[in-house]
Amino acid sequence: MILFPAIDLKGGQCVRLKLGDMQQATVYNTDPAAQAKSFEDQGFEWLHVVDLDGAFAGHSANGDAVEAILKATENPVQLGGGIRTLEHIEAWLSRGLRRVILGTVAVRNPDLVIEACRKFPGHVAVGIDAKGGKVAVEGWAEASELGIVELAKKFEGAGVSAIIYTDIDRDGILTGINWASTLALADAVSIPVIASGGLASIEDIKRMLQPDARKLEGAISGRALYDGRIDPAEALALIKASKARETA
């Protein structure tokens, strides 16, 4: 079980959005590289990064900030936002990124995702962002008619390393993970699922460690970490203790 701290990039700064609205952005750090190093120093073992501007533009827009993050931390980094071609994927992986997250292109061109998994095994994740139960694209600005499980099943057996599932209706407002929807998705596919959107308190961490949620690869935390609602040491200690019990 992994707790992924999140760095969302807008204009080269670390921000958190409210309900996916670019006009409701709170700046938490003007130095993304320093934030990445801080998360590593706190004991986190992975880093989740989103290029928000890139998600809307359709191409990487915070490349300098991402490269600075990669240089600042030894932790593996997964990146989403505006990565929509094989060339984009190869370019980022060659710079040291561990995993790319494909969102809009997974809806628009699922064959490209399947080809990327074949070409870059173990390095491709799919981001499924849902609003009102339907998959959203283009930086959450547009809704599709695709259902969450319907999209996920397109990639069964393709080699997708993880699905990052975000409930946009809960993102950035600290109301708790949508556990029912997240666990239903995890039950429906064999691909590991990472929960995102709404993680609010240490109670969500405890919920994540319950037996029915152990099928998840982990969860992403943003605002709750930045606001101090979750103490990193306490959260990581709970996860470590849970792992110890499982292996005992």
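The values are calculated or read from the model by the stated rules, or taken from the named source; none is laboratory data. Computed from a predicted structure; not experimentally measured. Don't worry about glycine lacking a Cβ; one is built from the backbone with ideal geometry, like all the others, and counts go over all protein chains shown. In case anyone asks, the SASA skips ligands and DNA or RNA and just uses the protein heavy atoms, side chains included. Shrake-Rupley method; radii C 1.70, N 1.55, O 1.52, S 1.80 Å.
Each Lys and Arg Cβ is given +1 and each Asp and Glu Cβ -1; about its Cα centre, region 75-127 then shows a dipole of about 120 debye. Among GLY81, GLY54, GLY122, the residue with the largest mean-square fluctuation in a Gaussian network model of the chain, with springs joining Cα atoms closer than 10 Å, is GLY122. Look at the dipole of the chain built from charges on Cβ: of ALA162, ALA241, GLN23, the Cα furthest out on the positive end belongs to ALA241.
Stretching GLU156 away from GLU45 to a fully extended chain increases their span by 37.3 nm, per 0.36 nm per residue minus the current alpha-carbon distance. Summed over qualifying helices (DSSP H, 4 residues or more, each -39500 (n - 2.57)) and divided by its residue number, the chain shows a 222 nm mean residue ellipticity of -10500 deg cm²/dmol.
Of the solvent-accessible surface of the chain, computed with a 1.4 Å probe and all protein chains present, 48% belongs to carbon and sulfur.
Computed from phi, the 3J(HN,Hα) profile of region 36-44 under the Karplus parametrisation 6.51, -1.76, 1.60 (θ = phi - 60°) reads 4, 5, 4, 4, 5, 5, 6, x, 5 Hz, with x in place of Gly and Pro. Taking Cα centre as origin and charging only the Cβ of basic (Lys, Arg, +1) and acidic (Asp, Glu, -1) residues, the dipole magnitude of the chain rounds to 400 debye.
Excluding ligands, DNA and RNA, the accessible surface per residue across the chain is 41 Å² with a 1.4 Å probe. Legend: residue pairs LYS119/LYS154; LYS153/LYS240; LYS134/LYS154; LYS215/LYS243, Cα-Cα distance threshold 22 Å; pairs beyond threshold, LYS153/LYS240.
Extension gain, ARG229-SER38: 0.36 nm per intervening residue step, less the Cα-Cα distance, totals 67.1 nm. Set against the labelled values (1) 135; (2) 112; (3) 144, volume of the Cα convex hull per residue in Å³ computed from this structure falls on (2).
The calculated FRET efficiency for the pair ILE202 and LYS71, based on their C-beta separation and a Förster distance of 41 Å, comes to about 0.80. Close amide H pairs (under 5 Å, H built 1.01 Å from N) link LEU102 with ALA125, VAL126, GLY127, residues at least 5 positions away or on another chain.
Charges were assigned to the Cβ only: +1 to each Lys and Arg, -1 to each Asp and Glu. The resulting dipole of region 27-100 about its Cα centre is roughly 160 debye. In this simple spin-label approximation, ASP31 and LEU112 carry label points 7 Å from Cα along the Cα→Cβ vector, and these lie 3.6 nm apart.
Springs between Cα atoms under 10 Å define the GNM used for the chain, and in it the highest mean-square fluctuation of ASP231, ASP51, ASP41 occurs at ASP41.
In the Gaussian network model of the chain, springs joining C-alpha atoms below 10 Å, which of GLN210, GLN35, GLN13 carries the largest mean-square fluctuation? In the Gaussian network model the winner is GLN210. Between ALA180 and LYS134, the modelled labels are 2.0 nm apart [label points 7 Å from Cα along Cα→Cβ].
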